[in-house]
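To keep things clear, I will list the structure first and then write my remarks on it.
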């Protein structure tokens with residue numbers, strides 16, 4: 001009897017394990033066939049498909065106007081194409097001959113500049129519909145409109161074009177005593193008389209000329225510009241999908257506009273539907289499906305796509321983007337459930353990937369980041385408004401060690417607002433070498449503070465060498481107290497806390513730091529819009545230059561709302577402006593201005609650069625021809641030339 | 001009975017509102033600006049002027065300038081009419097965000113609970129019957145270890161052994177992307193992906209339940225009526241399953257009902273470790289990103305589940321134990 005029970009119990013326990021194992025075995029083979037998906041198909045040939053892993057959560061919202069997740073953005077880059085301006089293999093902007101039949105530039109009397117484009121008449125959407133000028137003009141109109149802003153989108157697509165401010169609705173708005181725009185209780189902008197500012201119906205800088213011709217006019221303040229081609233670029237949007245049938249695009253000579261009832265009540269539902277269910281694509285791939293359960297996009301080749309600027313078409317039939325976890329993504333590559341991991345920056349993960357490459361289990365390529373991490377100072381308030389204080393902070397942080405530890409050897413220290421992957425960094429190596437590296441030195445920090453007048457104590461007497469330093473600022477004693485805003489769960493914040501804030505030399509020098517931890521968004525808000533009323537003196541952030549456009553003009557113009565560090569230096573502002581005024585073909589002139597700008601920036605230190613990473617792409621042996629990835633040319637460019645080894 | 005249920009339902013409604021008020025004011029006391037969170041992704045992409053206008057629009061829309069009690073009224077009014085708010089992280093209505101993770105969590109947990117019960121109940125019974133045998137002692141040690149080891153350790157070990165080294169299971173995910181096959185094959189594919197997390201979840205919950213069932217059975221087997229049954233000459237099988245197990249079931253049944261209710265709640269650890277798109281992952285994502293509408297909606301849902309669960313447990317006492325009469 002008891003033996004029976006024993007057997008029964010054991011059988012029950014065993015049956016579960018066997019069941020599980022059976023599940024594993026059955027589907028182990030199914031996985032092989034579908035990771036034939038990643039390896040082999042039924043016919044014995046390798047499936048023409050790759051799986052790309054990405055650590056960010058996909059949302060199903062591919063368009064970059066609303067959200068900006070990296071995985072969604074990567075998909076968008078593969079399904080959205082036919083921009084009038086392309087980036088060639090040398091990372092230079094060119095007119096895309098596949099898209100543009102003819103183009104011309106006109107300098108206008110008011111200082112603006114117009115580019116007129118005639119499209120090739122053989123461009124088609126993935127569903128076979130012809131791509132016309134209305135798709136380009138309509139895209140600019142829609143994604144510059146105040147209506148699209150109401151849906152939560154950015155609405156700045158036509159920012160560089162003449163008439164944008166009037167069309168978007170910010171022209172003529174009054175400001176209050178604090179410099180904020182005056183808004184009524186319904187969110188309407190008001191002018192100086194309290195009247196609601198009406199937005200312009202037409203976008204005066206955008207013209208629809210004929211079925212395949214349109215023009216865009218650059219604002220005078222951006223003319224000339226070294227990066228004018230990038231500013232002039234325009235891409236098509238499938239207007240049949242974005243707007244109801246009774247809305248059309250017209251131009252009576254004053255600028256393009258939407259006909260009919262272009263109100264949120266009328267078009268909102270159509271826009272929302274298109275946002276989540278894109279109807280047609282203009283890039284090399286189409287979104288076949290998005291699976292919210294597996295968090296994966298499946299892309300298939302767009303048969304209607306004519307190729308990139310070189311006419312190159314993709315050969316990999318299916319691309320799957322799926323969410324992977326940072327902790328196990330290398331295991332996924334090792335086990336074949338992903339074929340490509342793009343832009344790996346974490347030191348430990350890179351080391352694991354390199355070990356796999358040594359074992360012959362993966363390939364890799366590496367490239368430098370076009371960006372950098374930094375501590376941003378608020379330069380018009382508190383102690384950090386004084387350059388000597390910023391210098392002293394720089395001397396008190398061992399940035400060499402910081403960069404080494406943070407990047408774990410896969411990155412380097414930078415001394416200005418640049419990344420090691422930018423072409424200027426290599427071309428102006430002499431300038432880079434001559435920059436002040438602010439090598440760690442307590443003596444230099446103290447000397448800077450003494451020179452800057454931080455020589456008093458809390459009572460206004462001469463600083464005794466202990467406690468917090470003070471400075472007489474217009475008759476008031478200002479303590480050398482730095483309020484630092486940092487984001488939570490951030491390793492850079494932790495390292496700054498350890499290597500700077502808790503550094504005994506910092507106290508010895510007479511500093512006091514107060515650290516406030518907040519969400520990243522809150523910190524960004526404080527940095528961008530100063531909504532904490534100048535409370536914080538420094539933020540730790542990172543910045544990228546994902547395109548070759550290096551436009552620092554507004555960021556350093558005195559009084560500009562985009563001057564987030566609030567630095568007011570005429571020379572720096574002039575250099576930032578002059579850089580852009582170079583002729584787009586004169587690289588040497590640009591480089592000269594860029595070098596001068598970097599040198600001046602390095603003197604003033606509106607921010608303290610910390611590191612610039614090295615990125616790695618790890619991929620399986622089956623992916624061949626995958627090369628040429630850089631900070632400017634993402635995996636989507638390389639995938640056009642790549643192929644699956646052994647696929648038909 | 002009906003009177004009792006009606007009374008309990010009334011209490012549930014009262015408790016729900018009290019908890020909702022506490023939640024609402026707690027979440028609102030957390031530092032941070034909901035309007036800012038909603039448009040934070042546009043920072044630096046739009047001009048300051050545009051940003052200010054959008055910020056004010058969202059504040060108006062969310063009624064953040066209203067008195068707190070008015071805000072609560074609007075929020076609760078929305079909840080009662082099926083409008084759970086807007087997810088600032090996913091940029092969608094909360095109700096749309098929750099659907100898929102909820103389906104996934106239920107799918108995972110149904111299997112997990114069934115598996116765990118299928119193992120623990122027979123194992124607990126067997127150990128009780130074979131009390132102090134070598135097998136029982138082995139199981140006791142194993143369940144103590146299983147009970148003590150954090151589930152993420154079990155998870156990491158399982159991933160390393162079964163996914164990386166042996167290659168039996170996928171490392172993470174909920175299905176083969178772009179899977180081509182019949183719905184039945186798709187179901188098996190999904191189950192294959194869920195095998196490893198299910199094993200980990202089951203292993204993680206074996207210890208407690210096994211020991212609970214064993215203790216209840218030992219208690220029941222020591223009762224006089226068992227001795228009487230054996231004295232009557234009943235077969236041991238009948239004694240164990242008809243007499244002992246039915247009585248041992250009384251304390252266990254409440255636990256089992258609790259387990260079944262837990263199919264709605266996701267596992268923070270397992271879902272994050274295996275990249276499963278479930279309620280646990282959704283909840284932690286909402287909290288980490290200050291997505292208050294979403295976090296509050298998920299939490300309120302759990303409140304309802306708990307309250308209803310308590311009622312069901314109490315009612316089940318009356319059903320499984322004739323000695324308990326629920327009248328008030």
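Determine, yes or no, whether residue A:238 is within 16 Å of residue A:63 (Cα to Cα), modelled with pLDDT of 90 or more and within 14 Å of chain B (Cβ to nearest Cβ).
On the way: within 16 Å of residue A:63 (Cα to Cα): yes; modelled with pLDDT of 90 or more: yes; within 14 Å of chain B (Cβ to nearest Cβ): no.
No, not satisfied.
Being in contact (Cβ under 8 Å) with a residue 12 or more places away in the chain and touching a strand residue (DSSP E or B) at 6+ places or on another chain (Cβ under 8 Å), is that true of even one residue in region B:90-105?
yes
With region A:201-309 as the region, which strands (runs of 3 or more DSSP E) entirely inside it contain at least 1 residues that are in the same structural domain as residue A:116 (by TED's automatic domain parsing) and under 30 Å from residue A:586 (Cβ atoms)? Break it down stepwise before answering.
Details: elements: A:206-210, A:213-218, A:249-251, A:256-258, A:285-291, A:296-301.
Hits in region A:201-309: A:206-210, A:213-218.
Please work out if residue A:418 is in a loop (DSSP other than H, G, I, E, B), at pLDDT 95 or above and either in the same structural domain as residue A:528 (by TED's automatic domain parsing) or surrounded by fewer than 22 Cβ atoms within 10 Å (Cβ to Cβ) (or both).
Numbers: in a loop (DSSP other than H, G, I, E, B): yes; at pLDDT 95 or above: no; either in the same structural domain as residue A:528 (by TED's automatic domain parsing) or surrounded by fewer than 22 Cβ atoms within 10 Å (Cβ to Cβ) (or both): yes.
Criteria not met by residue A:418.
Could you give every pair whose Cβ atoms fall below 6 Å, whose first residue belongs to region A:616-631 and is within 21 Å of residue A:332 (Cα to Cα), and whose second residue is assigned to a loop (DSSP other than H, G, I, E, B) and at pLDDT below 90, counting only separations of at least 6 or pairs across chains?
Sorted first by the residue in region A:616-631, then by its partner, the pairs are A:617/A:629; A:622/A:645; A:624/A:645.
What about residue B:227, is it modelled with pLDDT of 85 or more, surrounded by fewer than 16 Cβ atoms within 10 Å (Cβ to Cβ) and within 12 Å of chain A (Cβ to nearest Cβ)? Don't jump to the end; show me each part of the working.
Working: modelled with pLDDT of 85 or more: yes; surrounded by fewer than 16 Cβ atoms within 10 Å (Cβ to Cβ): yes; within 12 Å of chain A (Cβ to nearest Cβ): no.
Criteria not met by residue B:227.
In this structure, is residue A:618 surrounded by 22 or more Cβ atoms within 10 Å (Cβ to Cβ), outside any strand (DSSP E or B) and modelled with pLDDT of 90 or more?
Values: surrounded by 22 or more Cβ atoms within 10 Å (Cβ to Cβ): yes; outside any strand (DSSP E or B): no; modelled with pLDDT of 90 or more: yes.
For residue A:618, the condition - surrounded by 22 or more Cβ atoms within 10 Å (Cβ to Cβ), outside any strand (DSSP E or B) and modelled with pLDDT of 90 or more - is not met.
Of everything in region A:116-136 that's touching a helix residue (DSSP H, G or I) at 6+ places or on another chain (Cβ under 9 Å) and not in a loop (DSSP other than H, G, I, E, B), which residue is surrounded by the fewest Cβ atoms within 10 Å (Cβ to Cβ)?
The qualifying residue surrounded by the fewest Cβ atoms within 10 Å (Cβ to Cβ) is A:118.
Do we find that residue A:460 is in contact (Cβ under 8 Å) with a residue 24 or more places away in the chain, outside any strand (DSSP E or B) and in the same structural domain as residue A:413 (by TED's automatic domain parsing) in this structure? Let's see the steps before the verdict.
Details: in contact (Cβ under 8 Å) with a residue 24 or more places away in the chain: no; outside any strand (DSSP E or B): yes; in the same structural domain as residue A:413 (by TED's automatic domain parsing): yes.
Answer is no for this residue.
How many residues does region A:139-158 contain that are in a loop (DSSP other than H, G, I, E, B) and more than 8 Å from chain B (Cβ to nearest Cβ)? Don't jump to the end; show me each part of the working.
Residues of region A:139-158 in a loop (DSSP other than H, G, I, E, B): A:143-145, A:151-158.
After this cut, where a residue has to be more than 8 Å from chain B (Cβ to nearest Cβ) as well, the list is A:143-145, A:151, A:153, A:157-158.
The total comes to 7.
Might you check whether a residue that is in a helix (DSSP H, G or I), under 15 Å from the mean Cα position of the chain (by Cα) and modelled with pLDDT under 80 occurs anywhere in region B:306-323?
Here is the first cut: in region B:306-323, the residues in a helix (DSSP H, G or I) are B:306-320.
The next check asks that each one be under 15 Å from the mean Cα position of the chain (by Cα); those that pass are B:306-310.
Add one more test, that the residue is modelled with pLDDT under 80, and what stays is none.
No, the conditions are met nowhere in region B:306-323.
Quick one: which of A:337, A:366 is within 30 Å of residue B:272 (Cβ to Cβ) and either under 27 Å from the mean Cα position of the chain (by Cα) or in a helix (DSSP H, G or I) (or both)?
Working: A:337 fails: either under 27 Å from the mean Cα position of the chain (by Cα) or in a helix (DSSP H, G or I) (or both).
Within the list A:337, A:366, the selection yields A:366.
Consider residue A:53 carefully, then state whether it is modelled with pLDDT of 90 or more and either at the interface with another protein chain (Cβ under 10 Å from one of its Cβ atoms) or surrounded by fewer than 21 Cβ atoms within 10 Å (Cβ to Cβ) (or both). Please lay out each step first, then the result.
Values: modelled with pLDDT of 90 or more: yes; either at the interface with another protein chain (Cβ under 10 Å from one of its Cβ atoms) or surrounded by fewer than 21 Cβ atoms within 10 Å (Cβ to Cβ) (or both): yes.
Answer is yes for this residue.
Is region B:79-89 home to any residue that is crowded, with 24+ Cβ neighbours inside 10 Å, within 11 Å of chain A (Cβ to nearest Cβ) and part of a helix (DSSP H, G or I)?
No, that holds for no residue.
Pick from B:296, B:273, B:288: which is in contact with a helix residue (DSSP H, G or I) (Cβ under 9 Å, 6 or more places away or on another chain) and within 14 Å of chain A (Cβ to nearest Cβ)?
Numbers: B:296 fails: within 14 Å of chain A (Cβ to nearest Cβ); B:288 fails: in contact with a helix residue (DSSP H, G or I) (Cβ under 9 Å, 6 or more places away or on another chain).
Testing whether each residue is in contact with a helix residue (DSSP H, G or I) (Cβ under 9 Å, 6 or more places away or on another chain) and within 14 Å of chain A (Cβ to nearest Cβ) leaves just B:273.
Considering B:5, B:39, which residue is within 12 Å of another protein chain (Cβ to nearest Cβ), within 33 Å of the chain's Cα centre (by Cα) and at pLDDT below 85?
Values: B:5 fails: within 12 Å of another protein chain (Cβ to nearest Cβ).
Residue meeting the stated conditions: B:39.
What helices (runs of 4 or more DSSP H), lying completely within region B:93-202, carry at least 2 residues that are at pLDDT below 90, at the interface with chain A (Cβ under 9 Å from one of its Cβ atoms) and surrounded by 15 or more Cβ atoms within 10 Å (Cβ to Cβ)? Break it down stepwise before answering.
Numbers: elements: B:94-129, B:134-148, B:151-158.
Hits in region B:93-202: B:94-129.
Being in the same structural domain as residue A:454 (by TED's automatic domain parsing) and assigned to a helix (DSSP H, G or I) is the requirement here; does residue A:517 meet it? Working first, answer last.
Values: in the same structural domain as residue A:454 (by TED's automatic domain parsing): yes; assigned to a helix (DSSP H, G or I): no.
So residue A:517 does not fit the description; no.
Go through region A:552-585 and give me each residue that's surrounded by fewer than 18 Cβ atoms within 10 Å (Cβ to Cβ) and in contact (Cβ under 8 Å) with a residue 40 or more places away in the chain.
Answer for region A:552-585, where residues must be surrounded by fewer than 18 Cβ atoms within 10 Å (Cβ to Cβ) and in contact (Cβ under 8 Å) with a residue 40 or more places away in the chain: A:568, A:581, A:583, A:584.
For region A:548-561, how many residues are closer than 16 Å to residue A:378 by Cα and part of a loop (DSSP other than H, G, I, E, B)?
Qualifying residue count for the region: 5.
Within 31 Å of the chain's Cα centre (by Cα), at pLDDT below 95 and surrounded by fewer than 17 Cβ atoms within 10 Å (Cβ to Cβ): does that describe residue A:230?
Details: within 31 Å of the chain's Cα centre (by Cα): yes; at pLDDT below 95: yes; surrounded by fewer than 17 Cβ atoms within 10 Å (Cβ to Cβ): no.
Criteria not met by residue A:230.
I'd like the full set of residues that are at pLDDT below 90 and either in a helix (DSSP H, G or I) or over 17 Å from residue A:607 (Cα atoms) (or both), limited to region A:562-577.
A:577, the sole residue that qualifies.
Every residue, every condition in (1) within 10 Å of chain B (Cβ to nearest Cβ); (2) buried (at least 21 other Cβ atoms within 10 Å of the Cβ), yes or no:
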| residue | (1), (2) |
| --- | --- |
| A:286 | no, yes |
| A:317 | no, no |
| A:323 | yes, yes |
| A:353 | no, yes |
| A:357 | no, no |
| A:364 | no, no |
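Just give me the residues in region B:232-268 being farther than 19 Å from residue B:114 by Cα, within 14 Å of chain A (Cβ to nearest Cβ) and surrounded by 19 or more Cβ atoms within 10 Å (Cβ to Cβ), in sequence order.
Within region B:232-268, B:239, B:240, B:244 qualify.
The values are calculated or read from the model by the stated rules, or taken from the named source; none is laboratory data. What you see is a predicted model, and the numbers here were worked out from it, not measured in a lab. Note: ideal-geometry Cβ built from the backbone for every residue, glycine included; neighbour counts use all protein chains shown.
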